[in-house]
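What follows is one structure encoded as structure tokens, with my remarks underneath.
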Amino acid sequence: MGALVGALVGVAWGGRLAPAFRKQALRLMGLVVLIIGVKMALPLTDPVNALISIVAGAWLGDSLRLGSRFEIFGVWVERLSRHGGFMRGFMSAVLIFNVGALAIVGSLEAGLTNQPTILETKAILDGVTALLLASTAGWGVMLAAPVTFAYEGLLSIGADLLKGFLSKPLLGDLSVVGGLLIAAIGVNFLAEKTVLNVAELLPALVITVILGWLKLQGVSFL
């Protein structure tokens, strides 16, 4: 809810901002997102897992042509709605809202203990982030709100079923790779162009979970 409200306010209010300020705000947003991503990735407890996950994820994403598929989807939505800026806002918001310790740990806490304290705190942070992001990156941020709701809801519902699978080390590896993806978003915002295709890096999140599970089974990558 916080992300949706923030996005609505950002879209409505963003048009009143001077173009020069919005450009500067976009760069500042990139700087903050970059720092958030780096902070999530540190300390890098298992650099081998992170490196393999990112490289293999990039290869798999490229093989599946995820970047071009997301781009085609974004162009289709923009034509359908006659609005621009969908992909930048949508992809950035989805990753910022969902790829991180708050989203994962908060959803698990809500599912396992029925105490949504972390998610309530995250909703406030998402609202502020969505407001700024929507004012600079477009209306696609709004569509990220229901995705975030569904994502956190599914994690909470499935938490009880995954009790025997989840562990702090595995969640730590996932947070590191997620932080690297978020840092990549920050780089793109600072450069004002797609330096790193984040959509093609998404499979890295699945790969790091698989590698983390193998590590728990005694498989070493060193």
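Computed extension gain for Ile124 through Ile210, at 0.36 nm per residue and net of the alpha carbon distance, reaches 27.8 nm.
Full extension of the chain between Leu162 and Glu71 gives 29.4 nm of extra length, using 0.36 nm per residue less the Cα-Cα distance.
Listing Ser107, Ser53, Ser175 from fewest to most neighbouring C-beta atoms within 10 Å gives Ser175, Ser107, Ser53. Beyond a 22 Å Cα-Cα separation, which of these cross-linked pairs lie in this structure: Lys122/Lys215; Lys122/Lys168; Lys168/Lys215; Lys39/Lys168? Pairs exceeding the cut-off: Lys122/Lys215. The percentage of C-alpha pairs in segment 161-209 whose separation is greater than 13 Å is 60%. Residue separation of Ile35 and Val55 scaled by 0.36 nm, minus their Cα-Cα distance, works out to 5.0 nm of gained length. As a proxy for reagent exposure, Phe149, Phe90, Phe97 were ordered by neighbouring Cβ count within 10 angstrom, fewest first; the result is Phe149, Phe90, Phe97.
Here, each number is a calculation from the coordinates, and none is a lab measurement. In this text the structure is predicted, and so the values were computed from the model without any measurement. Backbone-built Cβ (ideal geometry, glycine too); neighbour counts: all protein chains shown.
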